[in-house]
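The values are calculated or read from the model by the stated rules, or taken from the named source; none is laboratory data. Being a predicted model, the structure only gives us computed values, none of them experimental. Cβ placement follows ideal geometry from the backbone for every residue including glycine, while neighbour counts extend to all protein chains displayed.
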Amino acid sequence: MKVNIHVALIASFITLIPSIAPRAATQVPPGFESLVTGQTLWVNLSVYGQSLGLFEASVSLDSVRFLKPHQVARAVMQHYQKDPQQEKRLDHLISEPLARNGNKACSSNGGAAGCDYLETDSLALIYDENNAKVALFLGPEFVPLAADNSSPYYQQTAETEAAFIHQQNINFVTNRDDQTLSLQGAGALGFTENSYAGIDWDYLAQKYRQQSHQEVRFNNVFLRRDLGKRYYVQAGRMDSRDIFSNAGGNITLSQLPLSTIEGARVGSTLAWMNRAQAARGTPVTVFITRPSRIDAYRGQQLLGTFYLNAGTQNLDTSAFPNGSYSVTLRIYEDNQLSRTQQVPFSRTGNATSQNIEWFVQGGSIPDREMQGNGATSQSGADRRVMQAGIKVPVMQDAALTGGVAVTNRNRFIESALDWSHGFDNPLLDGILTTRFSYLKGSEGSRGNIQQVAYNDGFSLSFYRSALYAQDCYSNNGGQYGFSGCYQSSSLMFSVPVKSWYLNAGYSASKNEGRNVLPVQWDDNGIVPQWARRNIYSKTQTTTWQAGLGRGFSVNGLNINTSANLFTRTSSSGNQRDNGGFLSVSLSRVSTPTIDSRSSYSSLGMTYQTDRNNKDQVGYNVAQNWYFDAQNQQEIGVNLNDNQENTLNASVYGKTAGEYGSGSLAFSSASSGSSAQRFSSSGSYNSSLAVARSGLYWGKWGNGLPGAAVGVHVASSDESRDTRVDVSVDGAGSASLHGTGRTLFSVPAYTQSAISINDSIESTDGMRSEITQGAGRRTLFIAPGRMLVSKVNIVSRYTWLGRLMINQQHPLEGATPLNVASWSGLGQGGFSAETDHRIKNLYMVRGMQMYRCEMKVKSTHDVVRYVGDSDCKPIELASVPQDVQQRAKMLVVTRQADEVPLARTTSSSPEQQ
């Protein structure tokens, strides 16, 4: 708004009045008395930088008073969406004259620090007299929080539709004597916004020497309905995963037997709660002394394969299913089984609810679950079970959990205490989390868990789990319960010391009477469970390990060094094994090229010594190549050797994109004393969805019955040159080519977001623009629901060249018919833009049509250079239909005689 020059001069004059004189005694020049009583002005009102429009106010030497305060109050309340009672309160405050505070305006004090801002408990303003602006500042009662927390529940994203959404995963591992193929899938079929059917299954095919085995299992087949947003009911075959996650009440019962049942469940749910959902799991730590491959199994299901270097390693368990169960780790060195070990795992979610959470379920136990406990087929009465659990918060950071499982003969009860505390003092300022639980069964079984973790710049964690049957060597009479006895403990400590990193660890396990996997220390590997006899044994292993490491960089070269000592005692050995190993590695990451390609090179050496084996020196060389900016396309080669000429070579490739992700690895180990041993492993995972809008194929999610986001790209350009960058929180990203559709599986009952933008990678000679569907959107979708995001894109092709008639004369004064924009550059030169690829450019001059070939000679960034384009006269009938229509419209609008386009036979340059 322009300020009246007369008013501005008066205001400037007023600022010269000495402020030390009493205001009542201020001498005002004749004719300017209204400045003391108040000058009426239209001022631009803003609230914390947000303009609310122009309002009329009376401005005096020391105050500002709004003439229509109710309009100001209404504008502020509409901006913040507050209730009418607050609007009345604000109206009352604005009705009073408010101090100008002009000295706080940046335009008046030279932009001093803190200008244009005031803190107030009720209401205040700053009047900028140089620009006739008023900045309004409100007390806490009028300013809302950053997010509206009036509802504790999420709302389903609008425009979702029911769909069948399925995720599938394939894993395989092959060795000389045994091969394993594992398939798993999880699907959800939506019915309404609050109900769906869920299913998950797995298929196992194994071959060991001349024996083979196949099995298909349906772990979950159920119907679920949410009752409002606080409770749910579920029926069918179901395991305990929903009990342990926010889909249920996030109730952790680590040792209570909560196996798969066929029946019904009712309970509370945290699925719709508007809180951060963070799943956590017990650590899975493995101690390895040389580069190894670790295969992780849950029973006979392959959970993942890891290639790790020597040291104390924590496995990435993000893809492990929820629940509490034992994980069997098979450690391979030089493609030969070194050892196996069992570790307990539990993914419990994040216990943040301050409500009482509970569940009750009943039904029968499937035959395979009974047989898995060493039982024979039982009668229907023996298989019946009732289970229940409750979690009660006792304070902000502590909760008590209890659970019970009852069969016709046995009863089990578990109780647990979870407590976390954040310290804030000079000595301790980290976070301590603890869990203690106890289990007791009527048939004599008992168990307990102690878990403590502390993080404060350093990390210290302790985990102990024990479970005992009354008779370690009994199968419990075939009843639903426990067999064998086991105990497992781990202690980990790590701390940075200046530029070094110190770590120490302890691990101990004891198994007695259980079906312990028998290890064969030869090339045959391990005997699979379905091919062995029931063997009862007693094993005990204890390991101590400590290490010191440092990493630094010199001129782009990364150098990592470490030294480790260990001592290991096993009941299968005759004496304690003491040893240690040193390692040094050099690595370099190349600078990405203009087409986003990069590489990683590394060279390493290790020295190992222990009592049972002679000293060994090993070497490692690795080279990785990445072919995109997100490192989703990768090829790698690894070579390992030692002084005994044992060579282990492997090559692998990984790829990920809009149709899923996969990996493939081949390795070979050879030595002078044994034959060459080959192995291979691979995986592929993806997802599909069937909805009203069609079939979608895309990326894998989290392996649970979930939700999905479909992206449908439409374009007038039929080529696949166009690109769109899509990113979905929790589901990855993809660069989509051309028209088509893709799918992103997203975790159900979890807030995420989708971002759709023009691609940062442009195809030579073109660019694309999104005309519909771009931007970022927050999502919250229930299982079996799908959001279809429609994206329209327009391609932009830029052409540069010169038009020549019969390759002799420049074509001047002609009008193009099939371009979006046109610029004549003289002497036949031109630049043009189209929204699709063209092979011919159609021109009209006077009553004559021309067809000019568009042959691209080179591309520079987004410009296609065609050089001299040969133009030949043609008849209207030989022109494409859409171009004919444009030509006719052009002729009609011209102020020329209404004559048909001539079929010219003259070869004069002017006529051509």
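When the residues of the stretch 211-222 are filtered to those that are buried (at least 16 other Cβ atoms within 10 Å of the Cβ) and within 28 Å of the chain's Cα centre (by Cα), which remaining residue is nearest to Val360 (Cα to Cα)? Result: Phe222. Do we have Phe566 as in a strand (DSSP E or B) and closer than 30 Å to Lys510 by Cα here? The answer is yes for Phe566. Checking every residue in the stretch 133-145 against the condition of being at pLDDT below 85 and in a strand (DSSP E or B) gives at least one match. Within the set of pairs 6 or more residues apart or between chains, which connect a residue that is farther than 30 Å from Ala689 by Cβ inside the stretch 789-803 to a residue that is modelled with pLDDT under 85 with Cβ atoms less than 6 Å apart? Going by the 6 Å Cβ cut-off, the qualifying pairs are Arg796/Arg767; Tyr797/Met766; Thr798/Val862. Inspection of the stretch 612-629 finds a residue satisfying the criterion of being at pLDDT below 90, surrounded by fewer than 18 Cβ atoms within 10 Å (Cβ to Cβ), within 30 Å of Leu743 (Cβ to Cβ) and aromatic (Phe, Trp, Tyr). Looking only at residues in the stretch 82-132 that are of a type in the set (S, T, N, Q) and within 44 Å of the chain's Cα centre (by Cα), the one that is modelled with the lowest pLDDT is Gln85.
Here Thr591 meets each of (1) among the β-branched types (Val, Ile, Thr); (2) modelled with pLDDT under 90; (3) surrounded by 17 or more Cβ atoms within 10 Å (Cβ to Cβ) with one exception, condition (3). Scan the stretch 380-396 and give yes if some residue there is modelled with pLDDT under 80, surrounded by fewer than 19 Cβ atoms within 10 Å (Cβ to Cβ) and part of a loop (DSSP other than H, G, I, E, B), otherwise no. Scanning the stretch 380-396 turns up at least one residue that is modelled with pLDDT under 80, surrounded by fewer than 19 Cβ atoms within 10 Å (Cβ to Cβ) and part of a loop (DSSP other than H, G, I, E, B). With respect to the conditions (1) under 28 Å from the mean Cα position of the chain (by Cα); (2) surrounded by fewer than 23 Cβ atoms within 10 Å (Cβ to Cβ); (3) not in a strand (DSSP E or B), Ser259 falls short on a single one, namely (1).
Close contacts from the stretch 194-217, counting a first residue that is on the phi < 0 side of the Ramachandran plot and a second that is crowded, with 19+ Cβ neighbours inside 10 Å and among the aromatic types (Phe, Trp, Tyr), with Cβ to Cβ under 6 Å and a gap of 6+ residues or different chains, come to Gly198/Phe222. Among the listed residues Thr328, Thr312, identify the single one that is modelled with pLDDT of 90 or more, part of a strand (DSSP E or B) and hydroxyl-bearing (Ser, Thr, Tyr). Result of the check over Thr328, Thr312: Thr328. The residue that is nearest to Thr285 (Cα to Cα), counting only those in the stretch 423-472 that are of a type in the set (Asp, Glu) and surrounded by fewer than 14 Cβ atoms within 10 Å (Cβ to Cβ), is Asp429. Restricting attention to the stretch 230-263, the residues that are under 16 Å from Ile356 (Cβ atoms) and not polar (S, T, N, Q) total 8. Being at pLDDT 85 or above, part of a strand (DSSP E or B) and within 19 Å of Tyr468 (Cβ to Cβ) holds for only one residue in Ser494, Ser553, Ser489, Ser537, and it is Ser489.
Yes/no per residue for (1) buried (at least 21 other Cβ atoms within 10 Å of the Cβ); (2) modelled with pLDDT of 90 or more:
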site: Gly187; (1), (2): yes, yes
site: Gly198; (1), (2): yes, yes
site: Leu204; (1), (2): no, yes
site: Arg209; (1), (2): no, no
site: Arg224; (1), (2): yes, yes
site: Tyr231; (1), (2): no, yes
site: Met238; (1), (2): yes, yes
site: Asn246; (1), (2): yes, no
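For the stretch 635-657, which positions are farther than 13 Å from Tyr307 by Cβ and charged (D, E, K, R)? Those that are farther than 13 Å from Tyr307 by Cβ and charged (D, E, K, R): Asp641, Glu644.
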